[in-house]
């Protein structure tokens, strides 16, 4: 069973890379001269897919294990921390690659990309959604580092990871090229949403069940 799980994990992790490579096979990319910074932009898309995938895995594991106490074990804490650090690294890499691509193309640092601009059109609005998600993720990571000193605050701010996932999903569905096509990755985004929502409802059910048991 463990070997099957490992194989399944590697298959899932390979999907974004395979999807990205399939997109690179487009003759337009192979035969034409790309504008400056285009490869940084393409790499940022790949990293973004891994950021969403890893965050989905992290939330899914947390929800699926919440009822049996595994989330308090040392192994789980280490796994949770490592996945979280991977998510943070992927998100920051996505942002840096995207900014670098725009910088090379425009010839100047794109400070406006980092600003919240909900009144500058559809695309800029959803770039801003991604910026907000990244800032919240940094906050979650900072409170995670200081969790032993401020356990109560950590407990509440750690839940912002849910908002980060929701904003990341919205950001990806709205302006992600892979999520707006009929390729396999677009369907996996919606499958991930169904899994997370189902596990979240299950967690709420268990919380209500436990409270009713205690009160009775």
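The values are calculated or read from the model by the stated rules, or taken from the named source; none is laboratory data. In this text, all values refer to a predicted model and were calculated from it rather than measured experimentally. A quick note on method: Cβ atoms are made from the backbone with ideal geometry, for glycine too, and the neighbour counts reach across all protein chains shown.
Does any residue of segment 197-209 turn out to be modelled with pLDDT of 85 or more and closer than 27 Å to residue 23 by Cα? Scanning segment 197-209 turns up no residue that is modelled with pLDDT of 85 or more and closer than 27 Å to residue 23 by Cα.
Quick check on residue 112: is it within 14 Å of the chain's Cα centre (by Cα) and either farther than 18 Å from residue 160 by Cα or surrounded by 13 or more Cβ atoms within 10 Å (Cβ to Cβ) (or both)? The answer is no for residue 112. In summary, no helices (runs of 4 or more DSSP H) completely within segment 1-109 bear 3 or more residues that are buried (at least 19 other Cβ atoms within 10 Å of the Cβ), at pLDDT below 85 and touching a strand residue (DSSP E or B) at 6+ places or on another chain (Cβ under 7 Å).
Anything in segment 199-213 that is without any contact (Cβ under 8 Å) to a residue 24 or more places away in the chain and closer than 16 Å to residue 163 by Cα? List them, or say none.
Applying the first criterion (without any contact (Cβ under 8 Å) to a residue 24 or more places away in the chain) to segment 199-213 yields 201, 204-205, 207-213.
Selection gives 201 alone.
Does residue 130 qualify as being over 26 Å from residue 196 (Cβ atoms), surrounded by 15 or more Cβ atoms within 10 Å (Cβ to Cβ), in contact with a helix residue (DSSP H, G or I) (Cβ under 6 Å, 6 or more places away or on another chain) and in contact (Cβ under 8 Å) with a residue 12 or more places away in the chain?
Details: over 26 Å from residue 196 (Cβ atoms): no; surrounded by 15 or more Cβ atoms within 10 Å (Cβ to Cβ): yes; in contact with a helix residue (DSSP H, G or I) (Cβ under 6 Å, 6 or more places away or on another chain): yes; in contact (Cβ under 8 Å) with a residue 12 or more places away in the chain: yes.
Spelling it out, it is not the case that residue 130 is over 26 Å from residue 196 (Cβ atoms), surrounded by 15 or more Cβ atoms within 10 Å (Cβ to Cβ), in contact with a helix residue (DSSP H, G or I) (Cβ under 6 Å, 6 or more places away or on another chain) and in contact (Cβ under 8 Å) with a residue 12 or more places away in the chain.
Taking segment 133-151 as the search range and keeping residues that are in contact with a helix residue (DSSP H, G or I) (Cβ under 6 Å, 6 or more places away or on another chain) and in a helix (DSSP H, G or I), which one is nearest to residue 91 (Cα to Cα)?
We begin by selecting, within segment 133-151, every residue in contact with a helix residue (DSSP H, G or I) (Cβ under 6 Å, 6 or more places away or on another chain); these are 133-134, 136-137, 140-141, 143, 147.
Pick out the ones that are also in a helix (DSSP H, G or I) and you get 133-134, 136-137, 140-141, 143.
On the way: 133: 9, 134: 7, 136: 11, 137: 9, 140: 13, 141: 12, 143: 17 Å.
Looking at the filtered set, the residue picked out is 134.
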